[in-house]
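First the structure, in the form of structure tokens, and then the observations on it.
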Amino acid sequence: MDERIDMVEDARLPTALRPLHLLILRAMGLINGFAHLILGLALAASVLLFTWLFVDDVLDALRHDNLAQGFLHGLGTLMLLWTVSALITAEIRYLRGHALTVDTFVEVAIVVILRKLITMPVQSTLPSPQEFILWVGSAVLLGIMYLIVRFALTIGVAEPSAADEAGADIDRHRQHGVVVEKGENPVKGRQPA
């Protein structure tokens, strides 16, 4: 862990609570690791299930001689598989230590909406023109949002990290006359005004 972050966090905690704080942090780290193990297994299982569902859609279309409807159902299933693939990619990136980016979730939302638009013609009840326009509009807006997010990622605009926030805290300490050296408690380092 970054010493600056530990120093800023330690300055906020009473000495008696620091061991409990560290214990809770370790426990939350273990729980988070377990949660990501479960997520990984669930995503792997969903790949198998969506693949089976796609094969079933194709076989069902061939049995009933309704290739157009079967094709649209199969395409909808493949889009769900694409969604799971995007989530697996995000999970792999996260487990390798990279931050989760918003573009993954915007991409998943776009795929879900496109799936809805593709499968609308084969639904038992067709949507009203207003509902269809709302779905198309949401897909267009999500597409614009995706482009904006991707552009922001390419120019280096990102959310502040914990280290940046810790640095901001240290800067605030300096602004109020507190000099913080590495390993020093910021409360003790006050300079006379």
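Values computed for the structure shown
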quantity: Helices (runs of 4 or more DSSP H) wholly inside the range 1-100 that include at least 2 residues being surrounded by 11 or more Cβ atoms within 10 Å (Cβ to Cβ), at pLDDT 90 or above and over 27 Å from the mean Cα position of the chain (by Cα); calculated: 18-63
quantity: Test set (1) under 20 Å from the mean Cα position of the chain (by Cα); (2) within 30 Å of Gly70 (Cβ to Cβ); (3) modelled with pLDDT under 90 - Ala162 fails condition number; calculated: (2)
quantity: Matching option when the condition is in contact with a His (Cβ under 9 Å, 6 or more places away or on another chain) and β-branched (Val, Ile, Thr), among Val108, Val122; calculated: Val122
quantity: Which listed residue, of Leu43, Leu59, Leu53, Leu39, is free of Cβ contacts under 8 Å to residues at least 24 places away in the same chain and on the phi < 0 side of the Ramachandran plot; calculated: Leu59
quantity: Qualifying residue in the range 109-130 (condition: part of a loop (DSSP other than H, G, I, E, B), surrounded by 12 or more Cβ atoms within 10 Å (Cβ to Cβ) and either of a type in the set (D, E, K, R) or in contact with a helix residue (DSSP H, G or I) (Cβ under 8 Å, 6 or more places away or on another chain) (or both)); calculated: yes
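Residue by residue, here is whether (1) in contact with a Gly (Cβ under 9 Å, 6 or more places away or on another chain); (2) within 19 Å of Thr83 (Cβ to Cβ) holds:
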residue: Val111; (1), (2): no, yes
residue: Lys116; (1), (2): yes, yes
residue: Leu126; (1), (2): no, no
residue: Pro129; (1), (2): no, no
residue: Gly143; (1), (2): no, yes
residue: Ile148; (1), (2): no, no
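The values are calculated or read from the model by the stated rules, or taken from the named source; none is laboratory data. This one's a predicted model, so the numbers in the text were calculated from it and none came from an experiment. Neighbour counts are summed over all protein chains in view; Cβ atoms, including those assigned to glycine, are modelled from backbone coordinates with ideal geometry.
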